[in-house]
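The values are calculated or read from the model by the stated rules, or taken from the named source; none is laboratory data. None of these values were measured; they are calculated from a predicted model. Heads up, the Cβs are rebuilt from the backbone with ideal geometry, glycines too, and the neighbour counts pull from every protein chain shown. Accessible surface areas use protein heavy atoms only, side chains included; no ligands, DNA or RNA. Shrake-Rupley method; radii C 1.70, N 1.55, O 1.52, S 1.80 Å.
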Amino acid sequence: MDLQQYLTEAAAVEREAVAAFDAAPDAAALEAARIAFLGDRQGRVKALQESLKAIAKEDKPAAGKRFNEVRTRLESVHSARRSSLDHVTSAAVADLTLPARRQWRGAKHPVTLVIEEIEGIFRELGFTIALGPDAETEWYNFGALNFPPNHPALDAHDTLYLEGEGLLRTHTSPVQVRTLQTYAPPIRVLIPGYAYRRDFFDASHAPAFMQIEGLCVDEGISFVDLKSTLNLFAERFFGAARTRFRPSFFPFTEPSAEMDVQCGICGGGGCPACKGTGWIEILGSGMVHPSVLEAAGVDSERYTGWAFGMGPARIAISRYGIPDIRILYDSDVRFLEQIAE
Ligand SMILES: [Zn+2]
């Protein structure tokens, strides 16, 4: 290779390399071009350096000078192109003029909000929280709670039976029995949890629903304690000016009563929310049946108690004006966000 050929080849490498670096659209393409021209092993510049050995001794200084010029220029063109690509990339990532993305924060479910508020009121009255298993035995769910076999009251409690002896509890009341078996009176507990019934899933029924009940057992507990405590609760929770108790029947309480609160919307005059009656039914209650105390091993001659149970989903529905109970099960963020606190 004579000097003229060498200089021609050097000019070609320089021209092609500059074109390739400038045309690289991104960092990966630029790196590929760098390896092709400036690569240590097989780059075109490396080959140009190797060719120097074949140049005649008297031409070597001129060829070597040209080689250094080409290598230096290509390194600087490559470096300039790389920083310009870096700048484009980082500008896209950190555009400080973009509006900030709103972070979505989780929030409590409406039924959870209702339960926590109920718990808060009763906690001030000395109640603690008790929990129990969702899968129960027939004895805990029915027998210990004074449901006679084949009694009509069982019809309302048709549930899902498990293999063997078990069933999904139809109410949270089995936890009353478990609490009475475990702790000696005085007892004041609040029992939130899921209950299961063989109900169709429609606008006002669900086969799995939250229930919350309360139990108070001690010496000398009377219906006065039941009424005064529940009246206090109704006043705190519903802002109810008046309440009323209607006789009712539950196997596990005697006497039993449904409690209504005066409709807060119409003040008792009658409106669609209270179906024109002026009252809203909120819970069932009663004095714990002596048979329930005895079944749990508590002396019913010495101790008496009262209990109540209510459905926090129904309370949430009336409180938040929810038209269909199934919405509570959808976990649709657009709905939950409207109620989230
Ligand atoms: Zn009303």
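May I ask which residue of A107, P149, G126 lies farthest towards the positive end of the charge dipole of the range 107-229, with charges of +1 (Lys, Arg) and -1 (Asp, Glu) on Cβ and the Cα centre as origin?
Most positive-ward Cα: G126.
So if each residue of separation counts as 0.36 nm, and I subtract the Cα-Cα distance between E116 and D225, what length gain in nm does that give?
So the chain would gain 37.0 nm between E116 and D225.
Could you calculate the contour length gain from S318 to K65, that is, 0.36 nm times the residue separation minus the distance between their Cα atoms, to one decimal place in nm?
On the way: separation 253, 0.36 × 253 = 91.08 nm, distance 9.04 nm.
Value of the extension gain: 82.0 nm.
Which residues does the label zone of R302 cover in the range 191-231, counting backbone N under 13 Å from a point 7 Å along Cα→Cβ?
Answer for this model: 218-220.
Rounded to the nearest whole Å², what accessible area per residue is found for the chain with the 1.4 Å probe? Please report the intermediate quantities before stating the final value.
Values: 19110 Å² over 341 residues.
For the chain, the solvent-accessible area averages 56 Å² per residue.
Given springs between every Cα pair under 10 Å in a Gaussian network model of the chain, which of E16, E117, E281 has the largest fluctuation?
E16
So which lysines can K60 reach, going by Cα to Cα under 26 Å and dropping same-chain residues fewer than 8 places off?
K46
Within the range 36-78, name every residue whose backbone N is under 14 Å away from a label modeled 7 Å from Cα of E16 along the Cβ vector.
Label zone hits: 36-39, 42-49.
Using only the alpha carbons, work out the radius of gyration and Dmax of the range 143-302 in angstrom.
Radius of gyration, then largest Cα-Cα span, for the range 143-302: 17.2, 52 Å.
Run through the DSSP bridge list for the chain and note the antiparallel percent, rounded to the nearest 5.
Working: 41 of 43 bridges.
Restricted to the chain, the bridges split so that about 95 percent are antiparallel.
Report for the range 219-341 the percent antiparallel among DSSP-assigned beta bridges with both residues inside it, nearest 5. Could the numbers behind the result be given before it?
Working: 20 of 20 bridges.
Roughly 100 percent of the DSSP beta bridges within the range 219-341 come out antiparallel.
Dipole of the range 221-336 (Lys/Arg Cβ +1, Asp/Glu Cβ -1, origin at the Cα centre): which of S331, G267, S256 lies farthest to the positive side?
Looking along the dipole axis, the top candidate is G267.
About the Cα centre of the range 183-323, how large is the charge dipole given +1 on each Lys and Arg Cβ and -1 on each Asp and Glu Cβ? Please answer in debye to the nearest 20. Before the final figure, lay out the partial values.
Numbers: 12 positive and 14 negative charges, 121 e Å.
The calculated dipole for the range 183-323 is roughly 580 debye.
Between helix 223-238 and the chain, what is the angle of the helix's C-alpha long axis to the longest principal axis, kept within 0 to 90° and rounded to the nearest 10?
40 degrees
Could you work out which residue, out of S204, S83, S318, moves most in a Gaussian network model of the chain, that is, has the largest mean-square fluctuation with Cα springs under 10 Å?
S83
For A156 and R236, calculate 0.36 nm times their separation in residues minus their Cα-Cα distance, and state this gained length in nm to one decimal.
Values: separation 80, 0.36 × 80 = 28.80 nm, distance 3.09 nm.
That works out to 25.7 nm of additional length.
Rounded to the nearest 0.05, what FRET efficiency do F335 and A23 give with R0 = 41 Å and r taken as the Cβ-Cβ distance? Could you check? List each step's numbers first, then the result.
Numbers: r = 54 Å, r/R0 = 1.31.
The value I calculate is 0.15.
What percentage of the solvent-accessible surface of the chain, computed with a 1.4 Å probe over protein heavy atoms, is contributed by carbon and sulfur atoms? Intermediate values should be presented prior to the final figure.
Values: 10060 of 19110 Å².
About 53 percent, which is the carbon plus sulfur part of the accessible surface.
Per the Debye formula with a single identical scatterer at each Cα and no solvent contribution, what log10 I(q)/I(0) holds for the range 16-167 at q = 0.15, 0.16, 0.17 Å⁻¹?
Per q value, in the given order, log10 I(q)/I(0) is -0.99, -1.03, -1.08.
Return the FRET efficiency for the residue pair L7, D86: r is the Cβ-Cβ distance, R0 is 41 Å, and the value is rounded to the nearest 0.05. Don't jump to the answer; show the numbers that get you there.
Values: r = 34 Å, r/R0 = 0.83.
With a Förster radius of 41 Å, E is 0.75.
Given only helices, namely DSSP H runs of n ≥ 4 each adding -39500 (n - 2.57), what is the per-residue ellipticity at 222 nm of the chain, to the nearest 500 deg cm²/dmol?
Details: 12 runs with 145 residues, N = 341.
Value at 222 nm, helices only: -13000 deg cm²/dmol.
What angle do you read, to the nearest 10 degrees and between 0 and 90, between the alpha-carbon axis of helix 27-38 and the longest principal axis of the chain?
30 degrees
Rounded to whole Hz and in sequence order, give me ³J(HN,Hα) for the range 213-222 from the Karplus expression 6.51 cos²θ - 1.76 cosθ + 1.60, θ = phi - 60°, writing x for Gly and Pro.
Along the range 213-222, the couplings run 9, x, 9, 9, 10, 6, 6, x, 7, 10 Hz.
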